[in-house]
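Reviewing the structure listed below.
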Amino acid sequence: MTPLSRYTCEEAFRRLDDYLDHELSAEEMELVREHLEICAGCAREFNFERSVIQGVEEKLQQIDLPDTLQSRILKLLNDQRR
Amino acid sequence: MYAICDVSDEPMTEVVEGLTSTEHAAVTLSADEFQSMLVDVLPALYRYAFRLTRNRADAEDLVQDTALRAFRAMAQFEPGTNFKAWIFRILTRGFWANHRRGQRRPNTVDFDDTPDLYLYARSAEHGLQWRGEDPAHALIDRLGAERVAEAIGQLPEEYGVVCTLCFLEEFAYHEVADVLEVPVGTVRSRLHRGRKMLQKALWYLAQEAGIVNELSKREAKA
């Protein structure tokens, strides 16, 4: 732990997923952020993990709704209403 | 193949039982409001169905089935609550109720005891550094969408579904818990473990595709 950080590396790392997913309280987010500002090793690991998550999200989102699916579903629902 | 069931004349089944978004939905949606909300979430719903079934035709059937079930159960939804989580829950139940287990790609990766920071550590071991390009980005970009989806498909189902919901739709943990009807703590632990497994699956696929070698050689020349 560096003297200016209130979290140790271990404490920060334990919160890695929650930090990247914005699931921590504002106070905890700030404590992790504070640690990352002064700990290059942890910052490197966190950035790598963030990059993996963003890369996977980007790839998984590359899929479009088939052209006719929406109209087929709406027709089906309209038939149900009759 | 996803075994779609014909719901055209079917009464409410276990798929939509107990789906009331609050104890007593005092106000209900009109059919027009339902359709408008459905159209808004349809692209996301299809992406999720596709990731679960990994097949376009089955995904279309699953979404259509879900829309019909949700339409018939819309009196159980209270306006103002989370429609997206509600309809994702119906889709998830429908998928689990109908798909035949054991059809996932045979798992070729041993996920037991996968350490934290798996991809980071293996990248460093193979000399993939931060010279200009972010190594995680370089690796995933070269893997492409299909292999990334394949990696998620290799995870044990309970982990793959949590990862899909978090990665694909950026649901908050409590929303994933709502969709899957499990405690938030279960979501947190499955996501943590699932991410480690996913990193291992990505690494093996990258090795299999020669991407690790390609990047290592490039780094060695730099």
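Quick notes on this one:
- Flag if A:ASP64 is on the phi < 0 side of the Ramachandran plot and out of contact with any helix residue (DSSP H, G or I) (no Cβ under 8 Å at 6 or more places or on another chain): no
- Residues satisfying the criterion are absent from region A:44-58 (criterion: of a type in the set (Lys, Arg), in contact with a His (Cβ under 8 Å, 6 or more places away or on another chain) and farther than 30 Å from B:LEU45 by Cα).
- Which listed residue is modelled with pLDDT under 85 and touching a Lys or Arg at 6+ places or on another chain (Cβ under 8 Å), from B:GLU158, B:GLU150, B:GLU133, B:GLU169: B:GLU169
- From the options B:ALA136, B:ALA145, B:ALA177, residue that is touching a helix residue (DSSP H, G or I) at 6+ places or on another chain (Cβ under 6 Å), among the hydrophobic types (A, V, I, L, M, F, W, C) and surrounded by fewer than 19 Cβ atoms within 10 Å (Cβ to Cβ): B:ALA145
- Only one of the listed residues (A:TYR19, A:TYR7) is of a type in the set (Ser, Thr, Tyr) and not in a helix (DSSP H, G or I). That residue is A:TYR7.
- The residues of region A:59-82 that are out of contact with any Phe, Trp or Tyr (no Cβ under 8 Å at 6 or more places or on another chain), under 17 Å from B:VAL41 (Cα atoms) and buried (at least 17 other Cβ atoms within 10 Å of the Cβ), listed by number, are A:GLN70, A:ILE73.
- Filter result (touching a residue at least 12 places away in the same chain (Cβ under 8 Å) and either on the phi > 0 side of the Ramachandran plot or within 10 Å of chain A (Cβ to nearest Cβ) (or both)) within region B:36-47: B:LEU38, B:LEU42, B:ALA44, B:LEU45, B:TYR46, B:ARG47
- Number of residues in region A:35-82 that are more than 13 Å from A:ALA12 (Cα to Cα), more than 8 Å from chain B (Cβ to nearest Cβ) and not in a helix (DSSP H, G or I) equals 3.
Conditions (1) in contact (Cβ under 8 Å) with a residue 24 or more places away in the chain; (2) among the hydrophobic types (A, V, I, L, M, F, W, C); (3) within 30 Å of B:PHE71 (Cα to Cα), marked per residue:
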position: A:TYR7; (1), (2), (3): yes, no, no
position: A:GLU10; (1), (2), (3): no, no, no
position: A:ARG14; (1), (2), (3): no, no, no
position: A:HIS22; (1), (2), (3): no, no, no
position: A:CYS42; (1), (2), (3): yes, yes, no
position: A:PHE46; (1), (2), (3): yes, yes, no
position: A:ARG50; (1), (2), (3): yes, no, no
position: A:ILE73; (1), (2), (3): no, yes, yes
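- Restricting B:LYS200, B:LYS217, B:LYS196 to those that are within 11 Å of chain A (Cβ to nearest Cβ), in a helix (DSSP H, G or I), of a type in the set (Lys, Arg) and farther than 26 Å from B:VAL41 by Cα reduces the list to B:LYS196.
The values are calculated or read from the model by the stated rules, or taken from the named source; none is laboratory data. The structure presented is a predicted model; accordingly, all values stated were derived computationally and were not measured. A quick note on method: Cβ atoms are made from the backbone with ideal geometry, for glycine too, and the neighbour counts reach across all protein chains shown.
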